[in-house]
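Any read-out appearing in this document is the output of simple, stated calculations on the displayed coordinates, not a laboratory observation. This is a predicted model, so every value here is computed, not measured. We place every Cβ from the backbone using ideal geometry, glycine too, and count neighbours over all the protein chains shown.
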Amino acid sequence: MSDDQHSFEDLHFDPAPALSGEVPGPRSRAMLAEQDELESSARSYPLSVPVAIEAGRGATMRDVDGNTFIDFFGGAGVLNVGHGHPVVLRAAAEQEKRLVHALDFPTSPKLRLMRKLKTLLPGALRESARFHFGGPTGSDAVEAALKLTRAHTGREAVVAFQGSYHGMTSGALSVTSDTGFGGPAASPVHFMPYPYCYRCPLGLKPDSCEMACAHLLDTSLEDPHSGIPKPAAVLIEPIQGEGGTIVPPDGYLAEVRRITRKHDVPLICDEIQTGFGRTGTFFACEHDGVTPDVMTLSKALGGIGYPISCIAYDAQLDGWRPGAHIGTFRGHQVAMAAGLAAIELMQEVNLAGHAATLGELTLGLLRDAQEALPSVGDVRGRGLMIGIELVKDRDTREPWPEMATQIRTECFRKGVIIEVGGHFGNVARFLPPLVITRELLLTGVEIFIESVRAAEEALARPSALVAG
Ligand SMILES: Cc1ncc(COP(=O)(O)O)c(C=O)c1O
């Protein structure tokens, strides 16, 4: 894909990063103060990355003081084709003049989007898929997937995974493992261990475990005394995102597919964060050759940030009654037209291939740098979904969340925006727009590495700490 690099070059603010002084600048500070007066105490991002954003282009963002940042966050995995891609903007503007809101009536943008998506789905779904559009967020797609599989099987229980993140609405929250969000709710959800090999929940080693965690799933579904009734679905992220960019070993997802088939349990793959080229293939489940029964899609589905979500599923599950899952904003025509334009673009420029190449490059650079950075315990990822796990000690692997937040602050002060996640809040995460150029990426990675060095120094000398 490096030959196609030039097609991405004009998409970004240039130069980047470019800071005119200390950040946050005076305008950002004033707007953050006003936000503090007006907005809920539940807001989160601006508390850790204190900036007021004015504009975005490609893999860069400009704040209200005129500072330009490299965006390694990509709207939490939304902006695969970058901020304001001109081709997508044009498609959205044309659609906006024609029709914006259409509930679930058939329209040309919707039919074309479904037809296009169908050609991209894995395996048999390419032949058999049906789509359902509900509310415009990923959480709603998760709700729909749970409702569909419950309606189809007549079962209530669901198996999800430790470290999962599936959203904030009640059903989606029930399958989200982080108790800090106020869940899991009182619904029959059972959390199985995910193959988090750096911290194996079963205390095993990846070279000798023989995927014991998958075996546990198998026996838990088999054994009438496991405490887990036969579930309506097994719901899994092919790579856990918010959980800390946890990449399962090759073959794990295929094993989950085999086990769910054996027990006649529908498999839902949540591709909300991993989809649309993010991990180097169009969908992450393709890496293991897996075809789920249901896929949840959102985030990059709306092109450049228009809200939309849907589920794609095997037609055999399609026994819903009319109106079984509805929502006023389930027919956002601009989002559909933008999504279609973005998908066509992704195919045209082989964006997934670009992500795969740049992802390998990034992992290589980070792993080379790891030797000299004692706080970097693990570097992992696939495509441009990358996580760096920070630890106090490489032998004990004690999580170091303060290091992760300090690195985020150092990166921000140097003009790169990253996110932090993970079970212990100790994983620095990269989810840059996939249209990022090699040059911007290399600059961002270099700044990240410098930031780790600076954060290690600062935490060694707490008096040198910069305000977060
Ligand atoms: C894998 C996954 N599923 C579901 C969601 C929820 O999507 P939304 O925030 O749009 O409701 C997210 C959001 O980060 C996600 O990463």
*Tell me, what does the Kirkwood hydrodynamic radius of the range 39-118 come to in angstroms if you use every pair of distinct C-alpha atoms?*
15.5
_Qualifying lysines (Cα of each under 28 Å from Cα of residue 97; at least 8 residues distant if same chain)_ = 110, 116, 118, 299
*When N counts the residues of the range 212-362, how does its alpha-carbon radius of gyration compare numerically with 2.2 N^0.38 Å, as a ratio?*
1.16
*How big is the range 224-282 on each of its three principal axes, counting only the C-alpha atoms and giving the largest first in Å?*
39, 20, 20
*asked:* What does the charge count around residue 118 come to, taking other residues whose C-beta lies under 9 Å from its C-beta (Lys +1, Arg +1, Asp -1, Glu -1)?
replied: +2
*Provide Rg and Dmax in Å for the range 115-267, with only Cα atoms included in the calculation.*
15.6, 45
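Quick one: net charge around residue 458, please, counting Lys, Arg +1 and Asp, Glu -1 for every other residue with C-beta under 15 Å from its C-beta.
Values: positive: 392, 408, 413, 414, 453, 461; negative: 402, 410, 450, 456, 457.
After counting each charged neighbour, the total is +1.
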*Relative contact order of the chain: what whole-number percent is it, with Cα pairs under 8 angstrom and at least 6 residues apart?*
22
*asked:* I need the GluC sites (Glu not before Pro) found in the range 8-49, filtered to DSSP loop residues with at most 13 other beta carbons within 10 Å of theirs.
replied: 22, 39
*For labels at residue 328 and residue 9 in the simple 7 Å Cα→Cβ model, what's the distance in nm?*
4.8
*Using the Cα atoms of the range 317-404 to build a convex hull, what is its mean projected area in square nanometres?*
10.7
*Rounded to whole Å and sorted largest first, list the principal axis extents of the Cα atoms in the range 346-451.*
46, 27, 24
*Sorting 452, 445 on the 10 Å Cβ count, fewest up front, what's the list?*
445, 452
*Mean Cα-pair separation over length for the range 88-212, i.e. relative contact order, pairs under 8 Å, 6 or more apart, %*: 15
*If you average the sequence gap of Cα pairs under 8 Å that are 6 or more apart and divide by the length of the range 1-136, what percent do you get for the contact order?*
20
*Work out, step by step, the length gained on full extension between residue 96 and residue 318: first 0.36 nm times the residue separation, then minus their alpha carbon distance; give nm to one decimal.*
76.8 nm
*Could you give the size of the charge dipole of the range 277-401 about its Cα centre, using +1 on the Cβ of each K and R and -1 on the Cβ of each D and E, expressed in debye and rounded to the nearest 20?*
400
*asked:* On the principal axes of its Cα set, how long, how wide and how thick is the range 281-436? Give whole Å, largest value first.
replied: 58, 33, 32
*Which three semi-axes in whole Å describe the equivalent ellipsoid of the range 93-193, each the square root of 5 times a Cα gyration tensor eigenvalue, listed largest first?*
31, 18, 12
_Nearest-0.05 FRET efficiency for residue 202 and residue 453, computed from C-beta distance (R0 30 Å)_ = 0.30
*Relative exposure of 264, 314, judged by other C-beta atoms within 10 Å (fewest first)*: 264, 314
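Taking the number of other C-beta atoms within 10 Å as the exposure measure, put 131, 72 in order starting with the fewest.
Fewest-to-most ranking of 131, 72: 131, 72.
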*Give me the lysines in straight-line cross-link reach of residue 262: C-alpha distance below 19 Å, same-chain residues under 8 apart excluded.*
230
*Shape metrics for the range 1-141, restricted to C-alpha atoms - Rg then Dmax, Å*: 19.5, 56
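Rounded to a whole number of µm²/s, how large is the Stokes-Einstein D of the chain at 25 °C and 0.890 mPa s, given Rh as the Kirkwood radius over C-alpha pairs?
108
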*Arranged from highest to lowest average of other beta-carbon atoms within 10 Å per residue, in what order do the peptides 300-313, 321-334 appear?*
300-313, 321-334
*For residue 22 and residue 396, what is the calculated FRET efficiency with R₀ set at 35 Å and r taken between the beta-carbons, to the nearest 0.05?*
0.45
*Kyte-Doolittle mean at least 0.0, axial Cα span of 30 Å or more - DSSP H helices of the chain*: 438-460
_10 Å beta-carbon shell around residue 61, net charge (K/R +1, D/E -1)_ = -1
